[in-house]
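This report concerns only the one structure given below.
Just so you know, all these numbers are worked out from the coordinates, no wet-lab data involved. It should be emphasised that the depicted structure is a prediction, and the values quoted were computed from it without experimental measurement. Neighbour counts run over all protein chains shown; Cβ positions are idealised from the backbone, glycine included.
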Amino acid sequence: MSIGDAYLLTEDAGGPLAVPGLGLVVDQIGVTVLKPGGTVGAVIAWTEIVSVDASERSTTPGGTPALVLKVADTLKTHRFVLPSSDPEGLQHAISELAARSGVSGARRDGQRRLRPILVGAVVVVVAAVVAVLLLASSGAIKL
């Protein structure tokens, strides 16, 4: 899906800033930011995205209803204001695409936290097995 007239929410030395005139393409590749004029500014692949949140509503500076899209990758969270006459429908479409790509809300963050815990558990089990085998080979315990 392609969304025009999007804003990037960021900050500079003067405080919060809304950068206008951007386009956003959300597709099977990920999220592509288009600069004014249509050239590609950035591509955030689904494999780099750890969470997507499209639950916040806003309005554009011109008063158009809008959806705030937060896309977190491994380095930072990117925030966009997407004008839409149907923010709920846009939220649903983005959430569905994200879920099909393996990302939905904070679920992917949780999966990343689970891996170190799983590795730690495997290390503990292996260490226990090695200790039992060493004790058995020295005759300290019988198996």
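Summary table
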read-out: Label-to-label distance, nm, for residues given as Glu48 and Asp5 (7 Å Cα→Cβ offset); value: 2.9
read-out: Principal-axis tilt of helix 87-100 within the chain, Cα atoms, nearest 10 degrees; value: 30
read-out: Thr39-Leu135 pseudo-label distance in nm [points 7 Å out on the Cα-to-Cβ vector]; value: 6.8
read-out: Those lysines that a straight Cα-Cα span of less than 19 Å connects to Lys35, excepting residues fewer than 8 apart in one chain; value: Lys70
read-out: More than 22 Å apart - percent of Cα-Cα pairs taken over the chain; value: 50
read-out: Over the chain: helical MRE at 222 nm, DSSP H runs n ≥ 4 each giving -39500 (n - 2.57), nearest 500; value: -11000 deg cm²/dmol
